[in-house]
Amino acid sequence: MDNSTYAVVDLETTGHSPSRGDRIIQIAIVFIENGTITHKYARFVNPEREIPVFIQQLTAITDEEVLSAPTFEEIAQEVSDMLQGTVFVAHNTDFDLSFLQSEFKRCKVAGWSGKKIDTVELSKILFPSSSSYRLQDLAEDLDIELPAAHRADDDAEATANLLLTALSKLRTLPEETLNLLHRRSFSLRSDISTLIYEALKHVRTSKGSVKLPLFRGIPYRNVKKLTGVVTGRCQYPVMEDEKIALLKKGYPSFEYRKSQLAYMDAVWETLSLHSEAVAEVPTGVGKTVGYLLPAAIHSFQTGKPVVISTFTNHLVDKILEDEVERIRKMLGIECTATVLKGREQYISLGKFEELLRITDESYDETFTIMQILVWLTDTETGDVNELNVSGGGQLFIDRIRKRNNRMKDDEKIADYHQRVMDACSHSNLIITNHSMLLSDSTRAQRTLNNFSGLIIDEAHQFIHTAANSKETVLSYMNWKYVMGQLGSDADGQLLHQIMKLHKKYCNYGNQVFGKLTVSFEQFTNVFDSVASVLSNHRPIASGGQQGNRVIFGLDELAGNDLLFSQMAEKMNGYIQCIQTVSSRLEPFRERMTLKEQAFLSEWDYWLRELKIKAGEWVEIFLDDETENFTVWIEKDKRSLPGSLNVVKSPVEGSVITKEFISSLKDEKIGIIWTSATMTINKDERFVARQLGIADDIPLLTFDAPSHFYDNAGIFIVEDMPSIQHVSQTDYIEAVADAVVQTVIATGGRLFVLFTSQDMLRKTYELILESELLNDYALIAQGVSSGSRMKLLKSFRQFGKSILFGTNSFWEGVDVPGEALSAVIIVRLPFSSPDEVVFKARAARLAASGSNPFTDLSLPEAILRFRQGFGRLIRSSGDRGFFIILDRRIDTKSYGKRFLDALPAVPVQKVSLEHMVNELEDCYNK
């Protein structure tokens, strides 16, 4: 660290706008000199106005605490004097510094001037895999003490320690990485270049600087290769007391569950006999360890890996992070495990290095490159999903994903995806996702081969993954992005660079590029005509519109076949022109500079992308083989044509799953299909039949312990309006009222589950406008920014929070303990009869003489309903209520089937007022 004095500042204020009368209520400054905190300054400040209730709850600073404190006018000169000559540091300088400067100006005191460091910007670069860059989240991740978030004194000290931690991290980076960072740091928004330069000077003079392997000058972390599957004389525990003894080693607070031990035996028997079984294992049994333990032992004995497949990459990572280490503790053997994802999940170092040579970097690209350079010194997987980047940065990430297996020799040594594939043959457990499992089964050379068993977890989702694997999506924005990469001849753009290469090496080109320009204009004109047709079309079916979202089938555009064919013709003509340019430049590649080679490779890359688009176009608009497919258009009226998507999807995923099962018929392996929801009452083989599993495959069910749901209850709210007899507006008003009253009674910690994004948004906005829940954090899927996991993390962190969710929040979400007090079901989760794939499936059933409602709609809704209930109680100590607002569960004959599908939990049919009183008694004792 240099000789500068760093002043780390944090403010608590009544709001965000000093020009509108917001004022400081607390200020804290922590001073750092020579890498050490030297002294601190902290003051409450009287804002001379009431502190909003929300701010009081956020900061725990009350009107009484600041009543006798000085106003900022009284301390402004003191603060200004302390800051003069310092480097200003804050966690989001855009807020703290601008607010402070405004207050200095108001008080007619000299403002601060000098260098500034934003620890948000710095943290994003140095900790690029952090899930969040809020101060309290970083403090938790980096073991920095933060007694009370949103108190200026604690926040300032935590920010000071964050700065010191970041500076220490900088000094651990290789010199080559620091050089690459420093070169780009001058375009950052705060003066981080100074910090990088000081670290670079330190590393250059330090004898113990870090040395990592280099890929074309870029340092990356090398990972020790696995040498073989761990084998041994590890025996499966036959006796009950042996199983219990093993489980206690992994779970010190182990709770005896007879069904878990029976499930373990079933998995072991299936693997050992190379047979097949379907197993329903509800929450409370201990499903994951129940299959992992016998799978690991089976691998030890056979010397071959067992493959574990689950629904999402998040669940894949969760198994590795949370459970595999427990298996090692139980068995006392190094159980090796490898996570395998699709190759596009991994970075292509060759493509990354190539882009470093040619990218005319925007701020987002520069920032993302700096994040990647730091990440490469840490990552052991090369999985780009580890990175937390901006939206603009995500576009850059997509360009450096591994797209194919064509590599130069030096790339093969540093290829993360190849390392993972090599590791698979040396692992006891291969943990993957359904999508990867399905795609691998269709390859001529499979990665997953010579394994001894297959366990498909979250098996009820396998059917949806199978359908999605054959789905083709044409996105207007994505097409325009690809077209823009090739078509813009502005100075510095790719086409401009290719024209310069053509002129330099081919000595001619005006005619070639003239044809290219004409062809591009013809192509884009037809594309824009198609976009106009799709944008302006009004659906024939009235149900094709939900709010601003519009959906209609491609069959409604039957009169436009000629236009669709013209589009394919003009696109192919343009592709031929691009190929002509490439073919004339290719013979000169070896004579080109490295930068020129990179431009040509980039040109070829986007040519391949456009060819993929051409294939998608033909598949969606011109392919006659559509027997098992349906095609539809989605758009949002508020953003046309940008929101246009055309989707082609299989009607029945079972066709694909049957092909997958057939691909395994020659493998001598045990196969277990398992999930918490594999059956429904009155049709227990509904899911198995959808998956294409033969009727003679045994279906086993295991019950949760009888006491597991002792602290759960179900309320049916009797005085809600009937959803079929009132307008949507009236129903939404009733839902909002029920949510508000329930939240106030329980103190928050609620999931509110919808079946429609439109209804979710309108309910959320109505509650927000009412200001009745201003003291609570309202988090809404599709409204609040962030992924599902980010929204869930925010929900967990705020004590008084409500999460509004749609389809993906009905399952696969764990919120154990007091973090979740109730789940509200707004509507029974039937598929919309106007949903295109559902409509096609229903039509097929009707044509075959079946009843689409009883044979498809009702069973699927019951499964989702069970999954929604499964969010509530995740461990035997949890307490919570399942609240059903849809009166059809009581008034319709099929309602009993929904309730019968749930565990034996007390059901009360009550008025809203009665329920609220009971909740208040329960949560406010």
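The values are calculated or read from the model by the stated rules, or taken from the named source; none is laboratory data. Fair warning: this is a prediction, and the values are worked out from it, not measured in the lab. For neighbour counting, all protein chains shown are included, and Cβ atoms are generated from backbone atoms with ideal geometry for every residue, glycine included. All accessible areas refer to the heavy atoms of the entire protein, side chains included, with ligands and DNA or RNA removed. Shrake-Rupley method; radii C 1.70, N 1.55, O 1.52, S 1.80 Å.
Before moving on, here are some points about what is shown:
- Residue count for segment 137-159 satisfying the condition of being open to solvent by less than 30 Å² (accessible area, probe 1.4 Å) and among the basic types (Lys, Arg): 0.
- Filter result for the condition that a residue is closer than 23 Å to Pro147 by Cα and in contact with a Leu (Cβ under 8 Å, 6 or more places away or on another chain), over Thr14, Thr59, Thr119, Thr93: Thr119
- Test: residue in segment 369-379 that is under 19 Å from the mean Cα position of the chain (by Cα), open to solvent by 20 Å² or more (accessible area, probe 1.4 Å) and farther than 23 Å from Val306 by Cα: no
- Of all residues making up segment 540-563, the number that are at pLDDT below 85, more than 15 Å from Ser643 (Cβ to Cβ) and not in a helix (DSSP H, G or I): 2
- Of the residues making up segment 257-303, those that are open to solvent by 40 Å² or more (accessible area, probe 1.4 Å) and part of a loop (DSSP other than H, G, I, E, B) are Arg257, Leu273, His274, Ser275.
- Residue within segment 466-473 that is surrounded by 16 or more Cβ atoms within 10 Å (Cβ to Cβ), farther than 30 Å from Val278 by Cα and not polar (S, T, N, Q) present: no
- Set side by side, the residues Phe72, Phe104, Phe54, Phe88 differ, and just one is in contact with a strand residue (DSSP E or B) (Cβ under 8 Å, 6 or more places away or on another chain), farther than 30 Å from Arg171 by Cα and of a type in the set (Phe, Trp, Tyr), which is Phe72.
- Residue, nearest to the chain's Cα centre (by Cα), within segment 245-257, restricted to residues that are more than 16 Å from Ile327 (Cβ to Cβ) and without any contact (Cβ under 8 Å) to a residue 24 or more places away in the chain: Ser253
- Residues of segment 160-179 satisfying the condition of being open to solvent by 40 Å² or more (accessible area, probe 1.4 Å) and either over 30 Å from His314 (Cβ atoms) or assigned to a helix (DSSP H, G or I) (or both): Asn161, Thr165, Ser168, Arg171, Glu175, Glu176, Asn179
- Lone unmet requirement of (1) of a type in the set (Asp, Glu); (2) open to solvent by 10 Å² or more (accessible area, probe 1.4 Å); (3) under 24 Å from the mean Cα position of the chain (by Cα) for Asp410: (3)
- Pairs are defined by a Cβ separation below 7 Å, a sequence spacing of at least 6 or placement on different chains, a first member in segment 408-426 that is closer than 20 Å to Asn385 by Cα and of a type in the set (Phe, Trp, Tyr), and a second member that is open to solvent by 40 Å² or more (accessible area, probe 1.4 Å) and assigned to a loop (DSSP other than H, G, I, E, B); the pairs so defined are Tyr416/Thr381.
- Selected residue (only one of Asn46, Asn3 is assigned to a loop (DSSP other than H, G, I, E, B), out of contact with any helix residue (DSSP H, G or I) (no Cβ under 9 Å at 6 or more places or on another chain) and not hydrophobic (A, V, I, L, M, F, W, C)): Asn3
- Val324 vs. criteria open to solvent by less than 10 Å² (accessible area, probe 1.4 Å) and modelled with pLDDT under 90: yes
- Near pairs, Cβ below 7 angstrom, 6+ apart or cross-chain, from segment 468-489 (at negative phi) to any residue that is small (Gly, Ala, Ser): Ser469/Ser435; Ser469/Ser439; Glu471/Ser649; Tyr476/Ala531; Tyr476/Gly642; Met477/Gly642
- Residue list for segment 126-136, filter: open to solvent by 10 Å² or more (accessible area, probe 1.4 Å), assigned to a loop (DSSP other than H, G, I, E, B) and not polar (S, T, N, Q): Phe127, Tyr133, Arg134
- Residues within segment 304-319 that are in a helix (DSSP H, G or I) and either out of contact with any helix residue (DSSP H, G or I) (no Cβ under 8 Å at 6 or more places or on another chain) or of a type in the set (S, T, N, Q) (or both), tallied: 5
- Qualifying residues in segment 186-205 (those that are of a type in the set (Ser, Thr, Tyr) and in a helix (DSSP H, G or I)) - the one farthest from Leu173 (Cα to Cα): Ser187
- The helices (runs of 4 or more DSSP H) found wholly in segment 53-125 and carrying at least 3 residues that are surrounded by 16 or more Cβ atoms within 10 Å (Cβ to Cβ) and in contact with a helix residue (DSSP H, G or I) (Cβ under 7 Å, 6 or more places away or on another chain) occupy 72-83, 93-106.
- Elements of type helices (runs of 4 or more DSSP H) in segment 355-420, at least 3 residues being among the polar types (S, T, N, Q): 363-375
- With respect to the stated conditions, Glu733 is part of a helix (DSSP H, G or I) and either among the small types (Gly, Ala, Ser) or more than 23 Å from Ala842 (Cβ to Cβ) (or both).
- Boolean, Pro237 is open to solvent by less than 40 Å² (accessible area, probe 1.4 Å), under 30 Å from Lys329 (Cβ atoms), not aliphatic (A, V, I, L, M) and not in a helix (DSSP H, G or I): yes
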